[in-house]
Amino acid sequence: MDSTLDVNKSLTLTRKQKRNLKNNEKRKQRRQDPTKRKSNIDSEIRHQDAKKRRFGEEIQQEVKKLETHLPEEIKKDIEINISHLRAQQVFAQEHKSYLKGQKDNKILSFYRRMPLDLMPDFRNPKIVKPLDEKEFQTLQTTFLKEKESLVREEGYLRIRNLCTLKTFISGCEITDYYVDCATMMCYLNMVSIQVKPGRILVYDSQIVSKILEENYRRVQAFKEREGFKLFDHDLILFPICHQAHWSLAALDLENRQIRHFDPLTGIPDVKLTNKIKLYLDYQVIARGYENNPMTPLFHSQERISEFQLQKNNYDCGVFVMMYARSLMMNKPFEYTQEHMPLLRQRISLELIQDKIDEIF
């Protein structure tokens, strides 16, 4: 009976469909065979280059459509599609640069995982679940406590720190809604411990300020202790607060890549990442490492998508929290300015309950 079904199925397929099925089966077998998993970097570079060109051609075609007389709803869909294509084009270029760096530095092992794709799919907008009645009541009860009391008995975060995550009310002082250092560090440390304990290192923002001043000898954080090594992590995060503005530098030791995320401009500051690189080189010497774990290191100078940037002057801290969360959980960043009021509530609830919520 089964053979009869297979014959009937084969008769209904076209020649092209049969060829595609055969090729898919070959690819599946090749992936399962450990001796055939080594990829050709040159062919992968050509593949990424072709993808970039194809996305560019598609963008030009979509732009030409916008110049014609079309209804506003159709134009809006075309603009969303263009933004998605641009995000894919940027990622193809970033992946190509990464592969070229591997080839030029003669790294023998091919990448163990794909570089983190922070480009969201704008055709499927992210939905943040609002707080239910019980969660909202918990939040309001906490905010009504005395400002100097602790959010949790076992913690060090106070209510006055947590109040910086309140949703902005028109007419109030904007500075009251700037995320402070205590809230930032408490949240990043909580996520790092619960997601990958011992594999993510988060530098204190005050220490990062000293690093940027190049006071390397004064920075005594993370001293060597039994079983601890500075470079024995998958990810090192540097939350930066400069002139009342938050940004994030992230060092991916697995992929040998350092990136800087600025939610205001979207343009990475290479001078800033170079200062962090100098500090880490100094730590290699100070700690007596025989080989520099920082070599080779690739600087990613691609700007992040304009749809992921803040559109006001007080949500930079929340953006940085979500950048760091996405990096630690290895998920794409799919949040925009419209999500920020709800994210402020969700982050506050996580800090109160000392537990990350994987719903959003």
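Can you put V270, V128, V318 in order of Cβ neighbours within 10 angstrom, beginning with the fewest?
Working: V270 14, V128 17, V318 27.
In order of increasing Cβ crowding within 10 Å: V270, V128, V318.
For E254 and E57, compute 0.36 nm times the residue count separating them, minus their Cα-Cα distance, and round to one decimal in nm.
Details: separation 197, 0.36 × 197 = 70.92 nm, distance 3.36 nm.
Answer, rounded to one decimal: 67.6 nm.
Would you mind calculating the gained length between D357 and K331 on full extension (0.36 nm times residue separation, minus the Cα-Cα distance), in nm to one decimal?
On the way: separation 26, 0.36 × 26 = 9.36 nm, distance 1.40 nm.
Separation in residues times 0.36 nm, less the Cα-Cα distance, equals 8.0 nm.
Considering only H260, G317, F143, whose Cα is most displaced toward the positive end of the charge dipole of the range 133-353, charges sitting on Cβ of Lys, Arg (+1) and Asp, Glu (-1)?
H260
Counting other beta carbons within 10 Å of each residue's own, what order do V63, V202, V284 fall into, fewest first?
Ranking V63, V202, V284 by Cβ neighbours within 10 Å, fewest first, gives V63, V284, V202.
Sort the range 132-172 into rounded, prolate or oblate with this rule: let a ≥ b ≥ c be the square roots of the eigenvalues of the Cα gyration tensor; rounded if a/c is under 1.5, and if a/c is not under 1.5, prolate when a/b is larger than b/c, oblate otherwise. Before the final figure, lay out each step's value.
Working: a/c = 2.34, a/b = 1.22, b/c = 1.92.
Here the range 132-172 falls in the oblate category.
Once you sort the root eigenvalues of the Cα gyration tensor of the range 133-353 as a ≥ b ≥ c, which label holds: rounded (a/c under 1.5), prolate (a/b larger than b/c) or oblate (the other case)?
It is prolate, given that a/c is not under 1.5 and a/b is the larger ratio.
Please compute the length gained on full extension between D176 and Y289, using 0.36 nm multiplied by the number of residues separating them and subtracting their Cα-Cα distance. Before the final figure, lay out the partial values.
Working: separation 113, 0.36 × 113 = 40.68 nm, distance 4.43 nm.
Result: 36.2 nm gained on full extension.
The numbers here are math on the coordinates, done by the rules we state, and not lab data. Fair warning: this is a prediction, and the values are worked out from it, not measured in the lab. Every residue, glycine as well, gets a Cβ built from its backbone with ideal geometry; the counts of neighbours run over all protein chains shown.
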